[in-house]
Amino acid sequence: MTSQDELEKIRKKKLQELRNMANEPEVIVYSTPSCPYCVRAKEYLTARGIKYKDYDVSVDRNKAKEMVEASGQMGVPVLQINGRVIVGFNRPLIDDALSKKPLMKREDLIQNIAFDPFSK
């Protein structure tokens, strides 16, 4: 196998990984450790097998600012699911957001930014 063939194989593998990521919902939870509804929201997502990023806004001021800018709220939890903002632990809204496609398709973004660093 030539070096070029190996590079092509690696490139295809990485592109497939990116496509797989694009099919997963993007979920962010802004929370605090002392918030019971934050705990319930995270338990609900975990029970459904949903991966999420959790930001503790009681210690991360940048994420707290990001949360307020996205939601207009200072209370937690705030969830962002596929670009949709949900304030509070609300199962029907969470389920609805999870069932919808992202407001902006990550795969489209990936295709726009994916490049071959070895091409001339």
Hits in the range 39-56 (condition: under 17 Å from the mean Cα position of the chain (by Cα) and under 15 Å from residue 78 (Cβ atoms)): 41, 42, 44, 45, 52, 53, 54, 55, 56
Test: residue 51 is part of a helix (DSSP H, G or I) and either in contact with a helix residue (DSSP H, G or I) (Cβ under 9 Å, 6 or more places away or on another chain) or at pLDDT 95 or above (or both): no
Cβ pairs under 8 Å, 6+ apart, first in the range 90-102 and without any contact (Cβ under 8 Å) to a residue 60 or more places away in the chain, second among the small types (Gly, Ala, Ser): 94/41
Every pair of residues 6+ apart whose Cβ atoms lie under 7 Å, when the first sits in the range 42-71 and is more than 16 Å from residue 82 (Cα to Cα) while the second is in a helix (DSSP H, G or I): 44/91; 44/94; 55/63; 57/63; 57/64; 57/67
Qualifying residue in the range 20-33 (condition: more than 20 Å from residue 96 (Cα to Cα), surrounded by fewer than 14 Cβ atoms within 10 Å (Cβ to Cβ) and modelled with pLDDT of 85 or more): yes
Given (1) within 15 Å of residue 44 (Cβ to Cβ); (2) among the β-branched types (Val, Ile, Thr); (3) modelled with pLDDT under 95, index of the condition residue 113 fails: (1)
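The values are calculated or read from the model by the stated rules, or taken from the named source; none is laboratory data. It should be emphasised that the depicted structure is a prediction, and the values quoted were computed from it without experimental measurement. A quick note on method: Cβ atoms are made from the backbone with ideal geometry, for glycine too, and the neighbour counts reach across all protein chains shown.
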